[in-house]
Amino acid sequence: MNIPFLSFDKTNDQIKTLTLEAIERCIDSKWYVLGNEVKEFESLYSTYNKVKFTIGVANGLDALHLSLLALEIKEGDEVIVPSNTYIASVLAVSYTGATPVFVEPDINTYNIDPDKIEEKITAKTKAILPVHLYGQACEMGKIMDIAQKHNLFVIEDNAQAHGAEFDGKITGSFGNINGTSFYPGKNLGALGDAGGITTDNEQLYTKCLSLRNYGSHKKYYNEVIGYNSRLDELQAAVLKVKLPFMAEWTNERIQIAAWYNEGLQGLAEIVLPATAPKASHVYHLYTIRTEKRDLLQQYLNQKGIGTLIHYPVPPHLQEAYKNLGYEEGDFPLAEKIAQTTLSLPLFIGMTQSQVEVVCQEIKSYFNA
């Protein structure tokens with residue numbers, strides 16, 4: 001049985017007719033940039049994410065970058081970020097001229113460890129940027145308390161966790177302002193690059209409307225040096241089609257993860273995903289950890305089972321950040337995660353029998 005890491009077959013089948021109708025509606029409207037599709041999606045996503053405002057932008061990296069700019073994060077400032085994250089979370093900080101300050105994760109949840117944040121706070125610290133990694137909500141209660149205590153901004157990176165919650169509150173609604181991605185592979189994905197900013201702050205909302213559109217609220221009048229980062233009408237129309245399916249698709253992801261948990265339970269050679277108290281997990285990824293990661297991946301590949309490594313090189317060891325002066329061993333937990341994690345197939349439409357095949361092959365590898 002060939003089992004891909006990711007498949008869009010079921011989701012595309014579910015939404016194809018509605019999507020083609022939405023695209024036709026866009027074509028017929030003859031308004032292709034910042035029209036009704038974007039406005040309506042922003043309103044619908046605000047309702048879904050329980051915030052007052054959503055600003056549609058070109059991609060998730062821009063969402064974080066513009067959010068930081070709206071908070072006036074600049075050169076000389078420091079922003080706390082997890083040492084275990086996708087590079088976009090760090091790049092957004094660098095784009096402002098500020099310095100990313102890494103904090104190690106909780107080895108069980110892979111999210112930033114709130115108990116290690118305060119020791120990294122200095123007079124230059126302006127913000128904390130937690131990342132809800134793999135689909136699990138960060139421990140936002142502690143993070144928000146620390147931010148309030150030290151008068152810091154919070155910017156959530158919600159790209160992998162649409163619909164996740166901490167203590168009953170949805171991710172992307174805690175921070176002063178938050179960024180998310182609608183890249184095709186995300187739990188809520190467009191048919192190309194797309195992103196969004198969420199906030200309850202009207203002043204930040206107004207700033208971001210200008211920043212995404214050349215620094216302009218009125219055509220040809222530019223108040224600030226802005227960017228061209230606008231969610232386009234076609235992607236907004238597709239996202240409008242997909243949004244009503246989110247509850248169904250999230251439940252399916254959770255069910256697939258439960259099948260994995262059952263099928264891999266008791267296998268001493270691997271560590272299964274763990275969820276923090278009060279947090280929920282929407283399983284953008286189902287990631288295990290094993291000291292024999294590379295050999296297991298090769299074995300599964302030979303059996304026709306797709307896997308991915310998220311992420312093989314932590315940010316502090318990337319060539320792009322050699323100027324920060326970090327060396328191997330400086331963030332041992334992030335490095336351990338990079339060396340041992342493997343993401344297993346998980347996609348809408350994946351069957352229990354497919355999960356059982358993956359589990360059986362993993363067991364066969366270790367039994368051999």
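Taking interchain pairs and intrachain pairs at least six residues apart, which have beta carbon atoms under 9 angstrom, with the first residue in the stretch 87-99 and more than 16 Å from Leu133 (Cα to Cα) and the second outside any helix (DSSP H, G or I) and among the polar types (S, T, N, Q)?
Listed by first residue and then by second, the contacts come to Val93/Thr99.
Having 2 or more residues that are surrounded by fewer than 20 Cβ atoms within 10 Å (Cβ to Cβ) and among the hydrophobic types (A, V, I, L, M, F, W, C) is the bar; report the helices (runs of 4 or more DSSP H) wholly within the stretch 2-95 that clear it. I'd like the intermediate steps shown before the answer.
Details: elements: 9-29, 36-48, 60-70, 87-95.
By residue number, 9-29, 87-95.
Being in contact (Cβ under 8 Å) with a residue 60 or more places away in the chain and open to solvent by less than 60 Å² (accessible area, probe 1.4 Å): is that true of Ser216 here? If you could, list the steps in order and put the result at the bottom.
On the way: in contact (Cβ under 8 Å) with a residue 60 or more places away in the chain: no; open to solvent by less than 60 Å² (accessible area, probe 1.4 Å): yes.
Judged against the criteria, Ser216 is not a match.
Within the stretch 141-163, work out how many residues are under 13 Å from Asn176 (Cβ atoms) and either among the aliphatic types (A, V, I, L, M) or open to solvent by 50 Å² or more (accessible area, probe 1.4 Å) (or both). Show your work before the answer.
Initial filter on the stretch 141-163 (under 13 Å from Asn176 (Cβ atoms)): 143-144, 147-148, 151-156.
Among the residues that remain, those that are also either among the aliphatic types (A, V, I, L, M) or open to solvent by 50 Å² or more (accessible area, probe 1.4 Å) (or both) are: 143-144, 147-148, 151-155.
Qualifying residue count for the region: 9.
For Pro244, state whether it is part of a helix (DSSP H, G or I) and surrounded by fewer than 19 Cβ atoms within 10 Å (Cβ to Cβ). Explain how you work it out, then say what you get.
On the way: part of a helix (DSSP H, G or I): yes; surrounded by fewer than 19 Cβ atoms within 10 Å (Cβ to Cβ): yes.
Yes: the conditions hold for Pro244.
Consider Tyr299 carefully, then state whether it is more than 26 Å from the chain's Cα centre (by Cα), among the aromatic types (Phe, Trp, Tyr) and not in a loop (DSSP other than H, G, I, E, B). Before you say what the answer is, go through the steps one by one.
On the way: more than 26 Å from the chain's Cα centre (by Cα): yes; among the aromatic types (Phe, Trp, Tyr): yes; not in a loop (DSSP other than H, G, I, E, B): yes.
The answer is yes for Tyr299.
Ile254 versus (1) surrounded by fewer than 16 Cβ atoms within 10 Å (Cβ to Cβ); (2) out of contact with any Ser or Thr (no Cβ under 9 Å at 6 or more places or on another chain): which is the lone unmet condition?
Condition (2) is where Ile254 drops out.
Checking Gly226 against (1) of a type outside the set (Lys, Arg); (2) without any contact (Cβ under 8 Å) to a residue 24 or more places away in the chain; (3) in a loop (DSSP other than H, G, I, E, B); (4) open to solvent by 70 Å² or more (accessible area, probe 1.4 Å), which test does it fail?
It is condition (4) that Gly226 fails.
The values are calculated or read from the model by the stated rules, or taken from the named source; none is laboratory data. Values in this document were obtained by computation on a predicted structure and should not be read as measured data. Cβ atoms come from the backbone with ideal geometry, glycine included; neighbour counts cover every protein chain shown. To get the accessible areas, we keep the full protein, side chains included, count just its heavy atoms, and leave off ligands, DNA and RNA. Shrake-Rupley method; radii C 1.70, N 1.55, O 1.52, S 1.80 Å.
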